[in-house]
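In what follows, a structure is listed as structure tokens, so that the remarks can point back to it.
The values are calculated or read from the model by the stated rules, or taken from the named source; none is laboratory data. These numbers were taken from a predicted model, which means no experiment stands behind them. Glycine gets a Cβ as well: all are built from the backbone with ideal geometry, and neighbour counts include every protein chain shown.
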Amino acid sequence: MRRGMKFGLSAIEKGEVWNRWKAGQSLHEIGRAFGKEHSCIRSVLLPHGGIRPAARRRSPLALTLAEREDISRGIASDSSIREIARRMNRAASTVSREVIRHGGRPAYRAHDADRQAWTLALRPKRCLLARNRKLRNIVASKLILDLTGPSFCTSSSERVYITAMGCEIEFGGARELQAAGAGGL
């Protein structure tokens with residue numbers, strides 16, 4: 001790999017990184033495929049704990065960009081909030097809160113309001129494995145061991161759950177795993 005190259009990846013490339021990671025490729029293999037250092041690939045995977053984040057979708061109840069543009073045009077034509085809401089088949093309180101939240105009548109811009117709403121819709125709480133490095137390392141080591149002991153698990157989701165329960169024990173929690181044959185956890 002050449003030094004001094006740009007480290008950023010596009011959204012499409014990041015999607016391909018997740019696909020390759022899920023297929024079991026190493027950081028170095030994925031990095032070679034993109035002509036990037038493995039640390040660049042790691043910086044994509046690490047913030048999410050190695051688990052692909054769910055695709056973001058807007059709620060059907062949220063205002064769309066087209067509706068925000070209707071609000072902006074209504075404000076420009078000096079229409080009342082109630083009149084704008086009536087044309088959009090929305091509650092006047094919804095339109096009023098939208099306008100106030102994004103700077104009031106003189107400063108409201110549809111694209112800025114839409115971008116800000118999309119940003120603010122992010123859930124601030126990251127998943128537990130992404131926040132807790134010690135827990136993430138323990139779960140990863142348990143998954144690597146593949147739990148080849150007594151086969152009382154019927155699916156991979158049960159296996160992950162039992163692994164997580166084993167982590168609670170290693171963290172010094174008071175609970176004990178009551179499953180038969182779970183002595184290795």
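Within the range 21-83, considering only helices (runs of 4 or more DSSP H) that don't extend past its boundaries, which have at least 2 residues that are under 22 Å from the mean Cα position of the chain (by Cα) and of a type outside the set (A, V, I, L, M)?
On the way: elements: 27-34, 38-45, 65-76.
Result: 38-45.
Looking at the range 113-138, I want the residues that are of a type outside the set (S, T, N, Q) and have a partner that is in a loop (DSSP other than H, G, I, E, B) with Cβ atoms under 6 Å, at least 6 apart or on another chain. Which pairs are those?
The qualifying pairs are A113/H102; L129/G49; A130/G49; R136/G49.
From the list S26, S72, pick out the single residue that is hydroxyl-bearing (S, T, Y) and either farther than 27 Å from V139 by Cβ or surrounded by 14 or more Cβ atoms within 10 Å (Cβ to Cβ) (or both). Walk me through how you get there before you give the answer.
Values: S26 fails: either farther than 27 Å from V139 by Cβ or surrounded by 14 or more Cβ atoms within 10 Å (Cβ to Cβ) (or both).
Among S26, S72, only S72 is hydroxyl-bearing (S, T, Y) and either farther than 27 Å from V139 by Cβ or surrounded by 14 or more Cβ atoms within 10 Å (Cβ to Cβ) (or both).
Any residue in the range 69-86 that is at negative phi sitting within a Cβ distance under 9 Å of a residue that is part of a helix (DSSP H, G or I) and basic (K, R)? List the pairs, counting only those 6 or more apart or interchain.
D70/R87; G74/R87; I75/R105; S79/R73; S79/R87; I81/R105; I84/R73
Which condition does V95 not pass, out of (1) without any contact (Cβ under 8 Å) to a residue 24 or more places away in the chain; (2) part of a helix (DSSP H, G or I), if it passes all the others?
(1) is the only condition that V95 fails.
Which of the following residues is in contact with a Leu (Cβ under 8 Å, 6 or more places away or on another chain) and closer than 30 Å to D114 by Cα: T64, T94? Let's see the steps before the verdict.
On the way: T64 fails: in contact with a Leu (Cβ under 8 Å, 6 or more places away or on another chain).
Matching residue, one of T64, T94: T94.
Scan (1) in a loop (DSSP other than H, G, I, E, B); (2) surrounded by 15 or more Cβ atoms within 10 Å (Cβ to Cβ) for the single condition R123 breaks and write down its number.
With respect to (1) in a loop (DSSP other than H, G, I, E, B); (2) surrounded by 15 or more Cβ atoms within 10 Å (Cβ to Cβ), R123 is out only on (2).
In the set L128, L147, which member is surrounded by 13 or more Cβ atoms within 10 Å (Cβ to Cβ) and modelled with pLDDT under 85?
Numbers: L128 fails: surrounded by 13 or more Cβ atoms within 10 Å (Cβ to Cβ).
On inspection, the qualifying residue turns out to be L147.
What are the pairs, 6+ residues apart or on separate chains, where a residue within the range 34-56 that is among the β-branched types (V, I, T) has its Cβ under 7 Å from a residue that is assigned to a helix (DSSP H, G or I)?
Going by the 7 Å Cβ cut-off, the qualifying pairs are I41/V17; I41/L27; I41/I30; I41/G31; V44/K14; V44/V17; I51/L129.
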